[in-house]
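The values are calculated or read from the model by the stated rules, or taken from the named source; none is laboratory data. Bear in mind that the values here come from a model prediction, so they are computed numbers and not experimental data. Here the Cβ positions follow ideal geometry from the backbone for every residue, glycine too, while neighbour counts run over all protein chains shown.
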Amino acid sequence: MSELRFDGRVAVVTGAGHGLGRSHALSLAERGAKVVVNDLGGALDGTGASTGPAAEVVELITKNGGEAVVSGDDVATPEGAEAIVQSAIDAFGRVDIVVNNAGILRDRSFGKMSVEEWDAVIAVHLRGAFLVTRAAFSHMKEQAYGRIVNTSSPSGLFGSFGQANYSTAKMGLVGLTKTLGLEGARANIRVNAIAPIAWTRMTESLLPAEFEARFTAERISPLVAYLAHESCETSGEVFSVGAGRVARVFVAEGPGWKQDGEGDHTAEDIRDNWEAIMAEQPYLTPTTLGQQSGASLKAML
Ligand code: NAD
């Protein structure tokens, strides 16, 4: 089987100074991509800034014979996001791949969460992915080619105590992925999301110590490389990935309950048919809003 190469391709990886982003940047560069290594270089809560971590990754890539440039810009501001994509255009003349990976944490139980903690997390994960993708999207449409990988999380897909801000942002990225999957289709722009689990500074205090050796960042990057490759035709999907396992995660709708005959159902009907409403099998996996409403219409006939 042929190797997946990225020669001639230009990738932007946000938050690539540490953890997963660092591993993605190194892996794409090793396979021939020219890489913009973006990182604000702050602490886990997003405070502070330094170009040190991104510069170290660029140094490593160039030492290994690859090409990369540093971007110390903030994904969460329109100017920062534009500057990140402009770094790719200025240094390498194009942008083919965006890996939206930058992230911070401000965990707090919901009752105690401040507006500032909510806004800061939504700004980096969700607004940041929107802004960087928006900056790259016009270039991708013009060249009729693009690959975008968003970083969601099991916390968003399944919920996580103390992470209302983070899980909301991460599920928001699923919506962005699904809609951009549709909007990018005609221009050969494929958009997917990963929901990883790996041992990084973000998770080292949460995961059991025995996870460190198996849940490595390097075990996330092969999926990102495949989703970023031109041979990947899949779009609008979400994949759970960690410790060597990769699985599609899909939003499904149960068969549902429908009142017999005409007329409106009551709240009591809902109560009395709760088991059927909650049933999972046989489920549907609509890939568009149209498919979903079509299935509902069909059930009514
Ligand atoms: P990390 O802290 O090592 O990496 C995040 C990077 O993003 C840091 O280098 C940080 O400096 C950078 N960053 C933060 N704010 C930025 C901004 N405004 N602009 C540019 N860069 C910024 O953590 P990680 O675990 O490698 O996380 C990477 C991504 O994966 C995040 O989006 C995270 O939410 C997601 N994720 C991680 C896990 C996991 O198990 N590690 C699980 C689910 C999702």
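Find the residue count for region 224-242, including only residues that are under 18 Å from GLN143 (Cα atoms) and part of a helix (DSSP H, G or I).
0
Looking only at residues that are basic (Lys, Arg) and more than 21 Å from GLN292 (Cα to Cα) in region 218-269, which one is surrounded by the most Cβ atoms within 10 Å (Cβ to Cβ)?
Keep residues of region 218-269 that are basic (Lys, Arg), which gives 219, 245, 248, 258.
Of the ones still in play, those that are also more than 21 Å from GLN292 (Cα to Cα) are 219, 245.
Working: ARG219: 20, ARG245: 9.
Going through the qualifying residues, I end up with ARG219.
Could you check, for region 138-148, whether at least one of its residues is within 15 Å of ALA195 (Cα to Cα) and either of a type outside the set (A, V, I, L, M, F, W, C) or within 15 Å of the ligand (Cβ to nearest atom) (or both)?
yes
Taking the stated definitions as given, is ALA198 within 14 Å of the ligand (Cβ to nearest atom), among the aliphatic types (A, V, I, L, M), touching a strand residue (DSSP E or B) at 6+ places or on another chain (Cβ under 9 Å) and within 22 Å of ALA16 (Cα to Cα)? Lay out the reasoning, then the answer.
Values: within 14 Å of the ligand (Cβ to nearest atom): yes; among the aliphatic types (A, V, I, L, M): yes; touching a strand residue (DSSP E or B) at 6+ places or on another chain (Cβ under 9 Å): yes; within 22 Å of ALA16 (Cα to Cα): yes.
For ALA198, the condition - within 14 Å of the ligand (Cβ to nearest atom), among the aliphatic types (A, V, I, L, M), touching a strand residue (DSSP E or B) at 6+ places or on another chain (Cβ under 9 Å) and within 22 Å of ALA16 (Cα to Cα) - is met.
Looking at region 72-119, which of its residues are buried (at least 20 other Cβ atoms within 10 Å of the Cβ), more than 19 Å from HIS139 (Cβ to Cβ) and more than 19 Å from the chain's Cα centre (by Cα)?
GLY72
It is to be established whether one or more residues within region 130-143 are buried (at least 16 other Cβ atoms within 10 Å of the Cβ), touching a strand residue (DSSP E or B) at 6+ places or on another chain (Cβ under 7 Å), of a type in the set (Gly, Ala, Ser) and at pLDDT 95 or above.
Within region 130-143, one or more residues are buried (at least 16 other Cβ atoms within 10 Å of the Cβ), touching a strand residue (DSSP E or B) at 6+ places or on another chain (Cβ under 7 Å), of a type in the set (Gly, Ala, Ser) and at pLDDT 95 or above.
Would you confirm, using the coordinates I've provided, whether ALA83 is of a type outside the set (D, E, K, R) and part of a loop (DSSP other than H, G, I, E, B)?
Considered against the rule, which asks whether it is of a type outside the set (D, E, K, R) and part of a loop (DSSP other than H, G, I, E, B), ALA83 comes out as no.
Which pairs have Cβ atoms under 6 Å, sit 6 or more apart or on different chains, and link a residue in region 79-102 that is over 13 Å from VAL37 (Cβ atoms) to one that is part of a loop (DSSP other than H, G, I, E, B) and among the charged types (D, E, K, R)?
GLY80/ASP73; GLY80/ASP74; ALA83/ASP73; ASP96/ARG9
Let's see how each residue does on (1) under 17 Å from ARG147 (Cα atoms); (2) out of contact with any Asp or Glu (no Cβ under 6 Å at 6 or more places or on another chain); (3) β-branched (Val, Ile, Thr):
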{"site": "GLY21", "(1), (2), (3)": "yes, yes, no"}
{"site": "VAL37", "(1), (2), (3)": "yes, yes, yes"}
{"site": "GLY41", "(1), (2), (3)": "no, yes, no"}
{"site": "THR47", "(1), (2), (3)": "no, yes, yes"}
{"site": "VAL57", "(1), (2), (3)": "no, yes, yes"}
{"site": "TRP118", "(1), (2), (3)": "no, yes, no"}
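Can you work out which of the residues in region 16-43 that are of a type in the set (A, V, I, L, M), under 28 Å from TYR226 (Cα atoms) and out of contact with any helix residue (DSSP H, G or I) (no Cβ under 7 Å at 6 or more places or on another chain) is nearest to the ligand (Cβ to nearest atom)?
LEU40
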